[in-house]
Amino acid sequence: MAAIAHDTTHPTQTHHEVTRDVVNTLGTAGRGYMLLLGGAVFMFLIGALTFVMLLKDGLGLAGYNPPAFWSVYITTFVFWVGIGHAGTLISAILFLFRSPWRTAVYRATEAMTVFAVMTAGLFPIIHIGRQWFFYWLLPYPNQRWIWPNFKSPLVWDVFAIGTYLTVSTTFLCVGLVPDISAARDLMKGWRSKVYGFFSLGWRGTDNQWRHYNRAYLYLAALATPLVLSVHSVVSWDFAMSIVPGWHGTIFAPYFVAGAIYSGVGMVLTLIIPLRKALKLEHMITEYHFDNLAKLTLLTGSILFYAYAMEYFIGWYSGNTFEQTTFWRRLFGPMWWGGWTMVVCNAFVSQLFWFRKVRTNLTALFVLSIFINVGMWFERYVIIASSLANDYLPYAWHQMRPTWADWGILLGSFGWFSMWFLLFARTFPVVAIQEIKEQIPMPRLRKGGH
Amino acid sequence: MARTVPGVLAAFEHIDAACDAIQALRAQGRSGFTVYSAAPNHELEAALGIETSPVRLFTLIGGVTGVLAGLGMTFWMSLDWPLVVGGKPIATVPPYVVFMFELMVLIGSLATVAGVIILSARTPTTGMAYDPRFSDDRIGIFVPCTGEEASKVERMFREAGSVEVRHAA
């Protein structure tokens with residue numbers, strides 16, 4: 001793959017071509033797709049089997065040992081919640097900012113958000129040990145009338161993630177309705193009937209558009225602060241404690257920037273092969289990749305600054321525990337994790353200053369993998385290194401992940417990929433109606449509006 | 001099968017022609033006609049003189065309900081079984097802002113979607129003539145009318161530049 005062939009800042013197709021090209025991506029799948037889907041299901045089954053073993057034998061199978069009781073599962077939870085953030089940023093925040101480049105990519109990223117948060121939602125349940133009591137986190141009237149502790153960040157998290165999953169799913173479904181109706185009208189036979197059912201009677205009347213447009217605007221306005229709040233709440237799971245390396249006031253913006261950085265990385269990993277597989281190269285162009293890469297540069301640079309600040313404050317605090325924690329992150333037993341995080345996030349993001357990198361698909365794809373790896377390691381380093389070496393040196397014990405940790409991690413990638421692949425063949429991955437909004441309709445008379 | 005509404009259905013390829021037809025219909029004092037389009041369009045909205053949708057009221061009511069639900073739930077549940085945890089006050093605002101905010105977004109969003117469904121259902125489309133090309137690249141206008149009136153509307157559509165006009169039973 002060389003530099004991208006098309007350089008269009010505006011769609012050049014006609015309305016009919018847009019409908020045809022996107023609707024053609026639905027339905028019958030090729031062998032390559034089935035192989036990928038088979039691989040995803042296989043990975044998911046490994047995760048499911050590992051989970052059955054955890055149910056049977058308990059969390060002892062995973063590398064849980066005092067003092068590190070949060071490790072790979074919570075790392076992966078934060079990783080997947082973070083992945084979700086880019087989708088809502090692109091679909092809601094950039095909608096409010098009227099960024100034209102979001103249109104071609106936002107549907108795929110929004111779907112990514114929903115499936116990533118769905119994946120993340122499994123982890124607190126996997127992690128709690130007695131998984132069958134997960135409902136204790138919900139405020140329901142139990143027989144002793146004891147309620148959850150609303151001052152606990154973990155209960156904040158339940159509400160934040162629950163709201164995020166519901167609202168992002170709602171946002172995705174609302175955006176899909178007009179596009180499903182376009183698929184209904186272009187398809188024949190039973191397929192038309194199925195899409196007709198899911199189009200909820202949408203016909204694109206002036207009355208429907210009038211309510212829809214307003215609703216979409218308000219949904220975007222509600223989703224915008226939600227994106228910023230969710231990862232802030234996740235960061236407070238750590239920052240509200242007094243564990244060295246966690247107790248920092250920069251955690252909320254630091255985590256939000258990291259989440260968007262990792263999310264855009266995953267968007268690149270998914271969209272680069274997707275546009276080729278679905279033959280959408282003329283719709284998702286250099287212009288979109290350039291802008292996605294600029295977003296990565298911005299959030300990666302914020303992350304770079306946050307890393308520098310974290311180390312600076314660790315040193316400047318004069319607090320031995322903070323100083324030791326940050327020293328050990330780079331030069332202690334987990335140095336490999338610490339350096340992976342710094343190199344993949346802080347340094348790799350700086351390569352996006354160069355336009356040649358931003359518009360080269362091969363480079364973007366490879367770097368996006370580095371971003372995914374780096375951001376997983378960031379969470380692992382923050383969680384495992386701080387817990388393994390806190391205030392009492394006699395209690396220090398390094399975290400050693402086991403096959404049960406890796407099995408669940410692999411399963412989560414399988415679960416996520418399975419849903420994304422199924423979505424990509426079932427629903428329009430490019431927002432038909434929003435692309436059409438950018439294409440001027442033909443006129444009888446010369447001159448414009 | 002729903003009963004078919006009798007009327008005239010026109011398809012337009014050109015946006016200015018469709019806007020002319022809408023303005024002509026409005027000049028004749030007609031209301032109750034339906035315009036179909038594949039995507040929202042500002043010119044169509046201007047020609048139709050569309051007012052802002054009241055869906056924002058649903059958002060507001062949902063959002064306020066969410067804040068009050070978050071406030072009520074956390075305070076009531078904390079005071080219902082007063083348990084001191086970590087020396088903190090039994091019920092206090094700062095940590096509970098998270099619940100008020102999250103429930104504002106949650107109920108506000110769901111109320112917005114409910115608003116679209118309820119408001120759209122007030123003007124049902126069942127029985128009205130439709131063409132699959134309206135979700136592709138044509139603008140459609142359907143005017144419920146019969147007899148002589150229908151012929152007048154058809155003539156007007158053709159003069160405005162419609163590419164196709166047909167009568168629905």
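Throughout, read-outs are computed from the coordinates displayed, never taken from laboratory work. Being a predicted model, the structure only gives us computed values, none of them experimental. Positions of Cβ are backbone-derived with ideal geometry, glycine not excepted, and every protein chain shown enters the neighbour counts.
Seen through its C-alpha gyration tensor, with square-root eigenvalues sorted a ≥ b ≥ c, the range A:388-440 comes out oblate because a/c lies at 1.5 or above while a/b is not bigger than b/c. Please compute the Kirkwood hydrodynamic radius of the range A:15-438 from all pairs of different C-alpha atoms, in Å with one decimal. It works out to 22.6 Å. Partner aspartates and glutamates whose Cα lies under 20 Å from the Cα of A:Lys276, excluding those fewer than 8 positions away in the same chain, are identified as A:Asp7, A:Glu17, A:Asp21, A:Glu110, A:Glu286, A:Asp290.
By other beta-carbon atoms within 10 Å, ranking A:Phe321, A:Phe197, A:Phe416, B:Phe12 with the fewest at the front produces A:Phe197, A:Phe321, A:Phe416, B:Phe12. The order of A:Thr76, B:Thr125, A:Thr88, going from fewest to most other C-beta atoms within 10 Å of their C-beta, is B:Thr125, A:Thr76, A:Thr88.
Note on the range A:208-332: with charges restricted to the Cβ of Lys and Arg (+1) and Asp and Glu (-1), its dipole about the Cα centre is near 400 debye. Which one, A:Gly84, A:Tyr33, A:Leu59, is farthest towards the positive end of the dipole of the range A:15-438 when Lys and Arg carry +1 and Asp and Glu -1 on their Cβ? It is A:Tyr33. Rounded to the nearest 500, what is chain A's calculated 222 nm mean residue ellipticity when only DSSP H runs of at least 4 contribute -39500 (n - 2.57) each, over all residues? Mean residue ellipticity, 222 nm, calculated: -21500 deg cm²/dmol. The dipole here belongs to chain B: it is taken about the Cα centre, uses +1 on the Cβ of Lys and Arg and -1 on the Cβ of Asp and Glu, and is about 460 debye. Each residue, B:Glu159 and B:Ile61, gets one label point 7 Å from its Cα in the Cβ direction; the gap between the two is 4.5 nm.
Using C-alpha pairs under 8 Å with a sequence gap of at least 6, the mean separation divided by the residue count of the range A:105-172 gives a relative contact order of 43 percent.
Counting neighbouring Cβ atoms within 10 Å and putting the fewest first, the residues B:Phe134, A:Phe365 line up as A:Phe365, B:Phe134. Between the Cα long axis of helix A:403-426 and the first principal axis of chain A there is an angle of about 10°, rounded to the nearest 10. Extending 7 Å from Cα along the Cβ direction at B:Ala121 and again at A:Gln13 yields two label points whose distance is 3.5 nm. What separates the Cα centres of the range B:112-149 and the range A:375-446 is a distance of 40 Å. The dipole here belongs to the range A:15-438: it is taken about the Cα centre, uses +1 on the Cβ of Lys and Arg and -1 on the Cβ of Asp and Glu, and is about 860 debye. Estimated purely from DSSP H runs of n ≥ 4, each contributing -39500 (n - 2.57), the mean residue ellipticity at 222 nm for chain B is -18000 deg cm²/dmol once divided by its residues. Structural size metrics of the range A:274-404, computed from C-alpha coordinates, are Rg and Dmax of 18.4, 61 Å. For chain B, the extents of the C-alpha atoms along the principal axes are 81, 34, 29 Å, listed from largest to smallest.
Net charge near A:Phe352, counting Lys/Arg +1 and Asp/Glu -1 over other residues with Cβ under 12 Å of its Cβ?
+3
Under a Cβ-Cβ cut-off of 14 Å, what is the net charge of the residues other than A:His397 that fall near it, where Lys and Arg count +1 and Asp and Glu count -1? After counting each charged neighbour, the total is +1.
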